């Protein structure tokens, strides 16, 4: 017949089973909570990124509008320049060939270009970058 | 915005390689045009960088 020891064993077994079941249940609940928290954090990050991108896009659009306005002003200045330079005073020489060479060097330097071949470059022919 | 900036133009000159007033005025206008374009790009980039940095803090 079923003795006390059997009952005790059955109770212990039931307790173990309940414990193991509880462990897995708790584990699964914890995992689900962790996943939910991760998703919330990901969603918040994505929303922040989208907001920032929206602000940058709006700024780019505003910059583009300003650039169009600037180009319009430049065109106007160019057209007026063509009229102004018809005056005789604009035929006077203001920079000779040496000065123009200096300006070419200044432009090449500003553009981070090699000065080879520009007047004022004192490097020997052997140092030509073309060779 | 991240495109390579325009090259600065060389100055205009006549056939003798010299600049008269007309070429000076035209060249300065061209240089101011490119400088303005580069400046506008820089200002916009700085604003975007400030925004991105403020969000990162």
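Only the coordinates and a few stated rules stand behind these numbers; no lab work does. All values reported here derive from a predicted model rather than from experimental measurement. So basically every Cβ, Gly included, is an ideal-geometry build from the backbone, and we count neighbours across all protein chains shown.
A compact table of results
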item: Considering residues of the stretch B:17-55 that are within 7 Å of another protein chain (Cβ to nearest Cβ) and within 9 Å of the chain's Cα centre (by Cα) only, the residue surrounded by the most Cβ atoms within 10 Å (Cβ to Cβ); result: B:33
item: Residue list for the stretch B:6-16, filter: within 19 Å of residue A:70 (Cβ to Cβ) and more than 8 Å from chain A (Cβ to nearest Cβ); result: B:6
item: Of all residues in the stretch A:46-68 being at the interface with another protein chain (Cβ under 8 Å from one of its Cβ atoms) and under 22 Å from residue B:32 (Cβ atoms), the one that is surrounded by the most Cβ atoms within 10 Å (Cβ to Cβ); result: A:63
item: Members of the stretch A:92-118 that are facing chain B (nearest Cβ under 7 Å) and either assigned to a loop (DSSP other than H, G, I, E, B) or in contact with a helix residue (DSSP H, G or I) (Cβ under 7 Å, 6 or more places away or on another chain) (or both); result: A:92, A:94, A:95, A:96, A:111
item: Among (1) more than 29 Å from residue A:90 (Cα to Cα); (2) part of a helix (DSSP H, G or I) - the single one residue B:4 does not satisfy; result: (2)
